[in-house]
Amino acid sequence: MKDLKRIEIIDLLHGKATDQVGKEICVKGWVRTKRGNKTIAFIALNDGTIIHNIQVVVDLAQFDEEIMKRITTGACLRVNGKLVESMGQGQNVEIQATEIEIYGEADVDTYPLQKKGHTLEFLREIAHLRPRTNTFGAIFRMRHAMAFAVHKFYNDRGFFYWHSPIITSSDAEGAGEMFQVTTLDINNVPKNENGLIDYSQDFYGRHTSLTVSGQLEGELGALSLGKIYTFGPTFRAENSNTPRHLSEFWMIEPEMAFYDLEDNMNLAESFIKYLVNYALLNCKDDLEFLQNMYDKELIERLQFVVDNDFVRLKYTEAITILENSTQKFEFPVGWGIDLQSEHERYLVEKHFKKPVILIDYPKEIKAFYMKQNEDGKTVRAMDILFPKIGEIIGGSQREESLDKLIERMEQVGINPEEMKWYLDTRRFGSAPHSGFGLGFERLLLFVTGMVNIRDVIPFPRTPKNAEF
RNA sequence: UCCUCCUUAGCUCAGUUGGUUAGAGCACAUGACUGUUAAUCAUGGGGUCCUAGGUUCAAGUCCUAGAGGGGGAGCCA
């Protein structure tokens, strides 16, 4: 077989290789469909670079019947052929095959993917093969684009990418149940004289867990480098079985010295708009596919978010709106309650019909590190609520006063002694600062139009499910 | 964790008041067709009715328990 340089399908279809028309080229990829008659076959070949396929035209008089039989949906091919303008409709160019090598066959009796559509539930059971479908190819290309855009956004604004630890000894982050990390033999755990587990014999000589948030370590970065962001995996051992929760997910947590809550909101809003706009500009083919297949208003909704200001509202005002609404709520509304899903949905989807930033929550329902307002009742918290997916961002201005922070920790039962390293930020050169966390997969739900969070991460981790 | 619905061919599903040999579409195989676009048409093969118990002359169908999945709730990002 002639040794030709491989050209990626994205370059063939997006014009970068138009000068190749009339020449013999090489493409490599996986067979999506094969159809045809006794004299001619059409193979739709996809190499993952783009959602579209290149059509390979095979004159059956020139190829052995046995080779053609082995070319089935899912097989991987190396094809040499002449790039020509297509004689059929549906594509501009196609390849008239001269030589075909089969890299890998896909047995039709056992290969689970077919030409026709599958349910997302079925594809979840074969998560190791689903990236070969149009849908998941589009989603995971967009996942990459969004991750890249995150770094570009912050780099362009002078933020530093800060690596907070994945293994942590702090269990006071207060964001949820933690996965324990240990090398102790769990069948024969060493005990101390009090009958408790003797962690001094463990790998780190102490009790350790997987992080539930990089925020506390992020504050250390902000109070030295000025503006940092983290972007890494996060783990929560909550028994949450919903389409919006994973036990292993990715979170972006910027933290900025000298930012107040207003600055924090401005950053968060421009960040989300930047990401959505980046998707509109750079993921056009994939968005159009997802819109056609799953969500007819997807692109319109993304454009709406880019073009419109988010509503900014104090918690107290939100309670008033809810109390004055004619809507019947399952959970009663009153100042001091933690807003339920139905309340958030009413505000975002019915009352304002826009993303909403809620601020100044009662201190009792928020974390200890949030800055207390002068009213003595509320804290400088902000949640950004999105249609359909709910809370996409949670953040706050942080309490910079050492005394107030210690007082609040004692009120909620956290021992300040164990958080000495964190309190040192307030003890030495404390500064006003703010930050927030964005759930990466929740953002992906919004930009892809998917409705189940298990469909926007390659290998979802949820309670009772850690296959692959 | 709670509520609720679902589990029948490789996939998506039908299956009546419990009753003879469990069906369809797609996929797959074979054949037809000189260019198809999720090609089309014809023919054919293909079943642990989720698992374990129970009721009954008789269970895919009814009952109990379990497993897996969907949706909703809580927790949150």
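Please treat every number below as a calculation from the coordinates, not as lab data. Just so we're clear, the structure is a prediction, and the values are computed from it rather than from any experiment. Cβ coordinates were reconstructed from backbone atoms using ideal geometry, including for glycine residues, and neighbour counts include every protein chain displayed.
Close amide H partners of A:Tyr161, meaning residues 5 or more places away or on another chain with modelled amide H under 5 Å apart, are A:Tyr229. Using DSSP to define loop residues, name the GluC sites (Glu not before Pro) in the stretch A:347-380 whose beta-carbon has at most 11 other beta-carbon atoms within 10 Å. Here the sparse-neighbourhood loop sites are A:Glu374.
Report the gain in length on full extension from A:Ile197 to A:Phe122: 0.36 nm times residue separation, minus Cα-Cα distance, nm rounded to one decimal.
Working: separation 75, 0.36 × 75 = 27.00 nm, distance 4.27 nm.
22.7 nm is the gain from fully extending A:Ile197 to A:Phe122.
Relative to the longest principal Cα axis of chain A, at what angle does helix A:215-225 sit, 0 to 90 degrees, rounded to 10? Relative to chain A, helix A:215-225 is tipped by roughly 90 degrees. The peptide list A:436-446, A:395-405, put in order of mean Cβ contacts within 10 Å with the highest first, becomes A:436-446, A:395-405.
Calculated on C-alpha atoms, the gyration radius of the stretch A:1-45 divided by its Kirkwood radius gives an Rg/Rh of 1.02. Divided by 2.2 N^0.38 Å, where N counts the residues, the Cα radius of gyration of the stretch A:191-254 comes to 1.54. Label point of A:Asp11 set 7 angstrom out along Cα-Cβ; within the stretch A:34-51, amide nitrogens under 15 Å from it belong to A:47-50.
Identify, among A:Gly226, A:Leu290, A:Ile197, the residue whose Cα sits farthest towards the positive end of the charge dipole of the stretch A:194-332, taking +1 on the Cβ of Lys and Arg and -1 on the Cβ of Asp and Glu, with the dipole about the Cα centre. Looking along the dipole axis, the top candidate is A:Ile197. Each 20 Å bin, from zero up to the one with the longest distance, holds this percent of the alpha carbon pairs of chain A: 20, 45, 27, 8, 0. In a Debye calculation with equal point scatterers on the alpha-carbon sites of the stretch A:9-104 and no solvent, what is log10 I(q)/I(0) at q = 0.13, 0.18 Å⁻¹? Result of the Debye calculation: -0.38, -0.75. Within the stretch A:303-381, report the trypsin sites (Lys or Arg not before Pro) that DSSP leaves as loop and that have at most 12 other Cβ atoms within 10 Å. Those that pass, being in a loop and sparsely packed, are A:Lys328. In chain A, helices alone account for a calculated mean residue ellipticity at 222 nm of -8500 deg cm²/dmol, with every DSSP H run of four or more residues adding -39,500 (n - 2.57).
A P(r) calculated from all alpha carbon pairs of the stretch A:313-468, with 10 Å bins opening at zero, reads 10, 31, 29, 24, 7, 0 percent. In the distance distribution for the stretch A:34-88, Cα-Cα pairs more than 18 Å apart total 31 percent.
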